[in-house]
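Worksheet: the structure to be examined is printed underneath.
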Amino acid sequence: MTRALINTPKQAQQGEVIEIRAMIAHVMETGHRRDAQGAAVPRNIIHRFQCLYDDVEIFAADFYPAMAANPFIAFSTVATTSGVLTFAWTDDQGTIQRATAEITVV
Amino acid sequence: MALKHGLAAAVLALLGAGGLVAQEKRSGLDYMTPETRAMQEDDMSNPGMLFIAEGEGLWQAPAGAANIACSGCHGTAAQSMRGTATRYPAIEESTRRPIDLAGRINLCRQTQQKAQAFPAESPELLALTAYVAHQSRGMPIAPPADDRLTPYRKSGRDLFERRLGQLGLSCAACHEGHAGQRLGGSIIPQAHPTAYPLYRLEWQTLGSLQRRLRNCMTGMRAEPFAHGAPELIALEAYLMSRATGLPIETPGVRP
Amino acid sequence: MTTRPTLAEAVRGFTGNRDVRPGRVKLDVPPLVENGNAVGITVTVESPMSANDHVRRIGLFNEKNPQADIAVFHLGPRAGRARISTRIRLASSQTVMAVAEMSDGSLWFGEAQVIVTLAACIEDLL
């Protein structure tokens, strides 16, 4: 189950710069920790985040272990046409979690 | 404001003789930096809200041999669970002993859903407990006027005031004697359990009040009581009665 | 344990030995944080964000964590504004640096110092 919270305006003026905020549940295991038995805990972080606006990438990020658990990111885009924003987070185990948000541009 | 301070000063003068400094009741929220406060107060930046979303999903998911969801009996949580968290721990009628909110939820899971209890601190139990407690956000803590709770609150208070562990400290020594002062990098709060389960930055996840109490015991170099131990329930019952009137914040954020 | 690259070495990995000038990049981060596990940070770059004058990439680096890289953000004119907020981990008090690569290939940096205090009453690993 994807546990993500996306915050975007539902409606915007054409040409307006809108803020997008996205947060997802993920441990972001650094790979630098040891468990109670002293064994290294393998790294498992979301290493890639992408945001597409009607299937065109408008923002992406590469993450390293210094990103906080349950990663939060806020960025912006210019509202162009009514459409769908798609978010994708890819972790070290290859799991891709997705979420979408619709926007109406007037 | 001036009146409030005047009153506080008067109470202080009255209790001054007792050695403890009486303070206005304040949530741990009031002692945090503006940045950590802002993280809690904006739902879109509060990581605890991710767990509330999961709790909502669990609330609606049929489970157990009875294959029934919490919502199947309780309907909309916003109505049926509004105010519930303000009055826990409460006496559980079948055992006539106090039970905390997580324990009450697990009871329904076992007796109503006919499912296995969730383990202490499991993500599911934390998410459901946080979701139920969230329905009381903003409502004042209002422990039940139930005489059967009195002995448990009293034993919780005794524990709070007793010296524990190798450092010979009591909970009260820090949380009443020195609340508002710095301990290393942290400010000592008054220890009001207003916001549980909460997202602690130190944990990087959601955790229960019992986990928090166990952490303080570790800090005192005392052997922490086991999860679910009667001592922890008694401490919870005392701390909730001590926090009467403060608003529920779940899901809180703390350093 | 292998030693981590210095901050300067990590930045060079991003810039490939090209000149990096101070300016145009602003880091907003609290000077003192209660816990290094989630430090809010905002990077703002002065740029019109137009088709022929915009920010292409922003690299974020730390001085003292086990690993120097924090994140690399990829953006373009469709961002409208070059401002990104996120939350990072800082193992101790240290310098954080952001480097922006512009569409003309020029590189700019900004930095900030953060003091990280340690939490009391923490637990050992479960």
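The values are calculated or read from the model by the stated rules, or taken from the named source; none is laboratory data. Worth saying up front: this structure is predicted, and the values here are computed from it rather than measured. Counting neighbours? That spans all protein chains shown, and the Cβs are built from the backbone with ideal geometry, glycine included.
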Only strands (runs of 3 or more DSSP E) wholly contained in chain A count here; list those with 2 or more residues that are more than 12 Å from the chain's Cα centre (by Cα) and facing chain C (nearest Cβ under 9 Å).
A:17-24, A:56-63, A:72-78
State whether one or more residues within region B:205-228 are more than 14 Å from chain C (Cβ to nearest Cβ) and either of a type outside the set (Lys, Arg) or out of contact with any strand residue (DSSP E or B) (no Cβ under 9 Å at 6 or more places or on another chain) (or both).
yes
Assigned to a loop (DSSP other than H, G, I, E, B) and either in contact (Cβ under 8 Å) with a residue 24 or more places away in the chain or more than 10 Å from chain A (Cβ to nearest Cβ) (or both): is that true of C:Gly36 in this structure?
yes
Within region C:79-118, which residues are surrounded by 21 or more Cβ atoms within 10 Å (Cβ to Cβ), outside any strand (DSSP E or B) and either within 14 Å of chain B (Cβ to nearest Cβ) or out of contact with any strand residue (DSSP E or B) (no Cβ under 8 Å at 6 or more places or on another chain) (or both)?
C:Arg89, C:Leu90
Considering each of A:Ile58, A:Ile103, A:Ile73, A:Ile45 in turn, give the residue that is within 14 Å of A:Pro9 (Cβ to Cβ) and surrounded by 16 or more Cβ atoms within 10 Å (Cβ to Cβ).
A:Ile103
Could you tell me which numbered condition C:His54 fails, if it satisfies all but one of (1) at the interface with another protein chain (Cβ under 8 Å from one of its Cβ atoms); (2) more than 15 Å from C:Leu27 (Cβ to Cβ); (3) not β-branched (Val, Ile, Thr)?
(1)
State all residues of region C:68-78 that are more than 7 Å from every other protein chain (Cβ to nearest Cβ) and either over 22 Å from A:Glu29 (Cα atoms) or modelled with pLDDT under 95 (or both); if no residue qualifies, say none.
C:Gly76, C:Pro77
Answer yes if at least one residue in region B:84-94 is in contact with a His (Cβ under 7 Å, 6 or more places away or on another chain), over 30 Å from A:Ala74 (Cβ atoms) and in contact (Cβ under 8 Å) with a residue 24 or more places away in the chain, and no otherwise.
no
Any residue at all in region B:199-207 that is outside the structural domain of B:Arg97 (by TED's automatic domain parsing), touching a Lys or Arg at 6+ places or on another chain (Cβ under 9 Å), in a helix (DSSP H, G or I) and buried (at least 23 other Cβ atoms within 10 Å of the Cβ)?
no
In the set B:Arg82, B:Arg87, B:Arg97, the lone residue that is at pLDDT 95 or above and in contact with a strand residue (DSSP E or B) (Cβ under 8 Å, 6 or more places away or on another chain) is B:Arg97
Might you let me know whether region B:176-191 holds any residue that is assigned to a helix (DSSP H, G or I) and not basic (Lys, Arg)?
no
Could you list, in sequence order, all residues of region B:181-195 that are more than 11 Å from every other protein chain (Cβ to nearest Cβ) and over 20 Å from B:Leu209 (Cα atoms)?
B:Gln181
Assess whether C:Thr42 counts as being surrounded by fewer than 22 Cβ atoms within 10 Å (Cβ to Cβ), within 9 Å of another protein chain (Cβ to nearest Cβ) and in contact (Cβ under 8 Å) with a residue 40 or more places away in the chain.
yes
What is the number of the single condition among (1) under 26 Å from B:Phe51 (Cα atoms); (2) crowded, with 21+ Cβ neighbours inside 10 Å that B:His227 does not meet?
(2)
